[in-house]
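Before any comments, here is the structure.
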Amino acid sequence: MIKFLSDSITTKAFQPYYQELGITDKPKKQQTLVGRVLLANLVGMPVKDAIKNVDIDFGHYGKPYFVPNGYHFNIAHSHDAVLVAIADHPIGVDLEQIRPYDYTRITRAFTPDELEYLKNLKGKCQGEQALRLWTIKEAVLKLQGVGLIGKPKTVVTTLPHMESARRNDDLYQINFLDVGWKYIGTLATQVENKNER
């Protein structure tokens with residue numbers, strides 16, 4: 001089971017929360033709040049409980065999880081958009097606004113094969129594919145609970161379709177989420193290792 005919701009921090013329904021909490025001019029705090037509201041909607045818990053982190057705990061590197069009910073969740077945001085996903089197994093998500101992007105700004109995040117792939121693309125396609133690769137790497141690292149400390153270059157993506165990725169000996173299925181035409185939303189789930197059965 002996987003469910004997800006996305007929304008914008010500019011949505012009018014969130015304004016009363018911003019006013020109540022005094023964050024009408026604090027976009028980062030608004031992103032956090034919208035993530036909590038979307039999470040509450042997905043799991044059917046009171047919004048006030050989600051805002052106060054009731055039943056939510058955090059792993060060593062800050063990855064959140066539910067204590068009592070076994071749901072796994074992950075939250076991502078980019079500019080004014082927020083993405084929240086829940087599942088009955090560990091997941092990682094990332095979100096990026098599609099925009100002109102020069103992949104050479106972060107070449108240390110990509111493997112030699114990924115760099116070659118990007119180098120052979122042109123214009124807008126090159127920037128969008130770089131962002132797509134980036135969301136895969138971040139989603140996998142967030143699933144593992146290490147975030148960017150885990151070094152994006154250690155996540156190796158299958159090219160050109162990007163349907164899976166590897167990190168160390170682990171394999172991850174990659175799904176791109178429909179979060180609107182201006183954003184790339186990516187979800188990573190770990191594929192069971194058949195050798196461990």
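With the dipole of the chain worked out from charges on the C-beta (+1 for Lys and Arg, -1 for Asp and Glu) around the Cα centre, which of Ile2, His89, Gln31 lies farthest toward the positive end?
Checking the options against the dipole of the chain, the answer is Gln31.
When the accessible area of region 75-172 is computed with all protein chains present and a 1.4 Å probe, what percentage of it is carbon and sulfur?
For region 75-172, the apolar C and S fraction of the accessible surface comes to 53 percent.
Please identify every one of the trypsin sites (Lys or Arg not before Pro) in region 1-103 that sits in a loop by DSSP and has no more than 16 other beta carbons within 10 Å of its own beta carbon.
Listed in order of number, the matching sites are Lys52.
Sorted by accessible area (1.4 Å probe), largest first, how do Asp113, Asp57 line up?
Asp113, Asp57
Kindly give Rg over Rh for the chain, based on alpha-carbon atoms, with the Kirkwood expression for the hydrodynamic radius.
0.98
Could you order Ile23, Ile51 so the one with the most accessible surface comes first? Probe is 1.4 Å. Kindly include the intermediate steps, with their values, before the conclusion.
Details: Ile23 15, Ile51 55 Å².
Output order, biggest surface exposure first: Ile51, Ile23.
Just to confirm, what accessible area per residue do you get for the chain at 1.4 Å probe, in whole Å²?
Working: 10680 Å² over 197 residues.
Per-residue accessible area for the chain comes out at 54 Å².
Just want to confirm a number: the relative contact order over region 39-169, from Cα pairs under 8 angstrom separated by 6+ residues, in percent.
Contact order relative to length: 19 percent.
How much accessible surface does Arg166 have with a 1.4 Å probe, in Å² rounded to 10?
In the full protein context, Arg166 sits at about 120 Å².
How big is the accessible area of His72 in square angstrom, nearest 10, if you roll a 1.4 angstrom probe over the protein chains?
Looks like 60 Å² after rounding.
Per residue of the chain, what 222 nm ellipticity follows from adding -39500 (n - 2.57) for every DSSP H run with n ≥ 4, rounded to the nearest 500?
Values: 5 runs with 58 residues, N = 197.
It comes out at -9000 deg cm²/dmol, rounded to the nearest 500.
Consider just the alpha-carbon atoms of region 122-197 and return their Rg together with their Dmax, both in angstrom.
When restricted to Cα atoms, region 122-197 yields Rg and Dmax of 12.8, 45 Å.
Keeping all protein chains in place and using 1.4 angstrom, which order do Ile149, Ile98 fall into by accessible surface area, from largest down? Don't jump to the answer; show the numbers that get you there.
Working: Ile149 125, Ile98 50 Å².
So the residues, ranked largest to smallest area, are Ile149, Ile98.
To the nearest 10 square angstrom, how much accessible area does Val47 have with a 1.4 angstrom probe?
Ignoring ligands and nucleic acids, Val47 comes out at about 30 Å².
The values are calculated or read from the model by the stated rules, or taken from the named source; none is laboratory data. The shown structure was predicted, so the numbers you read here are calculated from the model rather than taken from an experiment. Here the Cβ is made from the backbone with ideal geometry for all residues, glycine too, and neighbour counts use every protein chain on show. All accessible areas refer to the heavy atoms of the entire protein, side chains included, with ligands and DNA or RNA removed. Shrake-Rupley method; radii C 1.70, N 1.55, O 1.52, S 1.80 Å.
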